[in-house]
Amino acid sequence: HVNWLGDGARGIETFFLGPTEDPYLSHLASRENRDSGYSLTALREILEGVYANLRQEESRRLAVAVQEALFSHLGEVAPGIVDRGVKTAPFVVLVGTDMPAVLAEVSALSSEEEARLLELPAYREYIALAIFSGIDTYARSAHEPDYSAS
């Protein structure tokens, strides 16, 4: 996904399903979810069942892996890229999944520099490789035993 942050802002951020107290993100989720057929209240009710689920923690781990890979890889070719972090938001596109899911905002069209970079096939390839790297890191860690519980 490509973001629009306004005022020339730039950066990458990755979302996983969860509540938010951030008024901007609530407004953004309402706008993004507008055509989904769900009201924010109905979506919150759906989310209540998801929050208790292991899927939210797995989605958080996936979001962290993808965000770290995006920032690391894109930082090599786009100095000054801003790490806007990992955040929760109630985006409807993340609700209907049966697996860990994230929404990665890989660039911001509100930044002239990032918009210019997105025109370059090589930059889009870096984005794809970074996302793959994040997913691969997550997948490999999901199969590692957790020795901290012993």
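The values are calculated or read from the model by the stated rules, or taken from the named source; none is laboratory data. Note that this is a predicted model, so its numbers are computed, not measured. Every residue, glycine as well, gets a Cβ built from its backbone with ideal geometry; the counts of neighbours run over all protein chains shown. Calculation scope for accessible area: heavy atoms of the full protein, side chains included, ligands and nucleic acids excluded. Shrake-Rupley method; radii C 1.70, N 1.55, O 1.52, S 1.80 Å.
In the list Asp98, Asp136, which residue meets the criterion of being among the acidic types (Asp, Glu) and not in a helix (DSSP H, G or I)?
Criteria check complete, one pass: Asp98.
Looking at this structure, is Ser72 small (Gly, Ala, Ser), within 25 Å of Pro23 (Cα to Cα) and more than 14 Å from the chain's Cα centre (by Cα)?
So Ser72 does not fit the description; no.
If you go through the stretch 62-85 one residue at a time, how many are open to solvent by 30 Å² or more (accessible area, probe 1.4 Å), at pLDDT 95 or above and among the β-branched types (Val, Ile, Thr)?
Count: 1.
Can you pull out every residue in the stretch 86-101 that is touching a Gly at 6+ places or on another chain (Cβ under 9 Å) and open to solvent by 20 Å² or more (accessible area, probe 1.4 Å)?
If the condition is that a residue be touching a Gly at 6+ places or on another chain (Cβ under 9 Å) and open to solvent by 20 Å² or more (accessible area, probe 1.4 Å), then Lys87, Thr88, Val92 are the ones that fit.
Scan the stretch 63-77 and report the pairs whose first residue is aromatic (Phe, Trp, Tyr) and whose second residue is open to solvent by less than 60 Å² (accessible area, probe 1.4 Å), with Cβ atoms within less than 7 Å and a gap of 6+ or a chain change.
Filtered contacts from the stretch 63-77: Phe71/Ile12; Phe71/Ile81.
Given the conditions (1) in contact (Cβ under 8 Å) with a residue 12 or more places away in the chain; (2) within 17 Å of Asn3 (Cα to Cα); (3) in a helix (DSSP H, G or I); (4) open to solvent by 30 Å² or more (accessible area, probe 1.4 Å), and given that Glu114 satisfies all but one, which numbered condition is not satisfied?
It is condition (4) that Glu114 fails.
Out of Ala128, Ala89, Ala101, which single residue is modelled with pLDDT of 95 or more and out of contact with any Lys or Arg (no Cβ under 6 Å at 6 or more places or on another chain)?
The match here is Ala128.
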